[in-house]
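Everything on this sheet refers to the single structure shown next.
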Amino acid sequence: MSDYHKSVLLTETIDQLNVEFGKRYIDGTLGGGGHTSAILDRGGEVLGIDFDEDALDYVKKELGNEKKLILARGNFKDIDIIAKENGFEKVAGVLFDLGVSSHHFDDAERGFSFLYDATLDMRMDRNLSVKAKDLVNGLTKGELYELFYKYGEERFARPISEGIVSARKVKPIETTATLAEIIKNAVRVTKPGIHPATQSFQALRIAVNDELNSLRQALPKAVELLESRGRLAVISFHSLEDRIVKKYFLEFEEKGLGKNITKKPIVPSEKEININNRARSAKLRVFEKL
């Protein structure tokens, strides 16, 4: 695979999945295919799921001749249906990498990043009707505050919301650069090396793609698909996601479905963070079915 997507915690994740030759695995968030490629290298068979046509096209181009790979378009919240359609009803492992693929950030047209000036889009699935600019221009000040505070854990959610409402009275906020500048002017204190718009952009992306609800729906379905001693590995990049994963894993354990392998999440090494700064907030949790 190329550097199209630097898979975070790659070795740790594949090791924790206990990938075995001839066993079946589901990569519910295919992205650039880094994890899938590593599973295939160890002799596993993979069903790779993504709702982004660009991701599927890329992996098809890179790994198209791989006979042990099946690609399917869809949202990982529907993993049970997609698995059944493709004959992957009992598997040795399921992986969810909740991070946004590098190509989403690096493709300016997708509007995920404040590093490029582009239309505020942020839809992972281009068939979704609501774009980020629709939320920025359509939500009330109170709703914007709620979004940035809840999904972004942004302590300057109030001045950011006020700045947006004030700016859009003059003209609609259409681009990433415009929004980033508004946020920059509203945020009074920033962490070194982190752009002041980081948390707000993250919050918008989560809202546009309904990511937290998708995760809540996907986790129980993934455990159901596992065979005995099969493992579910989840990489999260946001404390809200990590809390959801931790909560569900504890509930699964209490119900006697299996055991939580990672009492504390596995995090990237300093070396990995230095190579790939996007890894800095990653956390890996693993659950094993009885």
Checklist (1) modelled with pLDDT under 95; (2) of a type outside the set (S, T, N, Q); (3) over 30 Å from LEU226 (Cβ atoms) applied to TYR149, failing item: (1)
Test: residue in segment 269-284 that is more than 24 Å from GLY34 (Cβ to Cβ), in contact with a strand residue (DSSP E or B) (Cβ under 8 Å, 6 or more places away or on another chain), part of a loop (DSSP other than H, G, I, E, B) and of a type in the set (A, V, I, L, M): no
Residue match in segment 7-23 (condition: buried (at least 24 other Cβ atoms within 10 Å of the Cβ) and under 17 Å from ALA218 (Cβ atoms)): yes
Of all residues making up segment 182-209, the number that are surrounded by 15 or more Cβ atoms within 10 Å (Cβ to Cβ), within 22 Å of the chain's Cα centre (by Cα) and part of a loop (DSSP other than H, G, I, E, B): 4
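With segment 79-146 as the region, which helices (runs of 4 or more DSSP H) entirely inside it contain at least 2 residues that are under 21 Å from PHE51 (Cα atoms) and at pLDDT below 95? So that I can check it myself, show each step before the final result.
Numbers: elements: 79-85, 102-106, 132-138.
Because the criterion is at least 2 residues that are under 21 Å from PHE51 (Cα atoms) and at pLDDT below 95, the helices (runs of 4 or more DSSP H) in segment 79-146 that meet it are 102-106.
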Single unsatisfied condition, LYS264 versus (1) free of Cβ contacts under 8 Å to residues at least 40 places away in the same chain; (2) over 14 Å from GLN16 (Cβ atoms); (3) outside any helix (DSSP H, G or I): (2)
Residues satisfying the stated conditions in segment 40-59, i.e. of a type in the set (D, E, K, R), over 16 Å from the mean Cα position of the chain (by Cα) and not in a helix (DSSP H, G or I): ARG42, GLU45
Per-region count, segment 217-244, residues buried (at least 17 other Cβ atoms within 10 Å of the Cβ), without any contact (Cβ under 8 Å) to a residue 60 or more places away in the chain, over 11 Å from LEU284 (Cβ atoms) and of a type in the set (D, E, K, R): 0
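If you take the residues in segment 235-259 that are among the hydrophobic types (A, V, I, L, M, F, W, C) and assigned to a helix (DSSP H, G or I), which one is nearest to LEU9 (Cα to Cα)?
VAL245
State which residue is farthest from LEU204 (Cα to Cα) when the search covers only segment 152-165 and only residues that are small (Gly, Ala, Ser) and at pLDDT 95 or above. Quick ask: steps written out before the conclusion?
From segment 152-165, those small (Gly, Ala, Ser) are 152, 157, 161, 163; that's our starting set.
Remaining after also requiring at pLDDT 95 or above: 157, 161, 163.
Numbers: ALA157: 12, SER161: 12, GLY163: 16 Å.
Among residues in segment 152-165 that are small (Gly, Ala, Ser) and at pLDDT 95 or above, the one farthest from LEU204 (Cα to Cα) is GLY163.
The values are calculated or read from the model by the stated rules, or taken from the named source; none is laboratory data. Quick caveat: nothing in here was measured; it's all calculated off a predicted structure. Don't worry about glycine lacking a Cβ; one is built from the backbone with ideal geometry, like all the others, and counts go over all protein chains shown.
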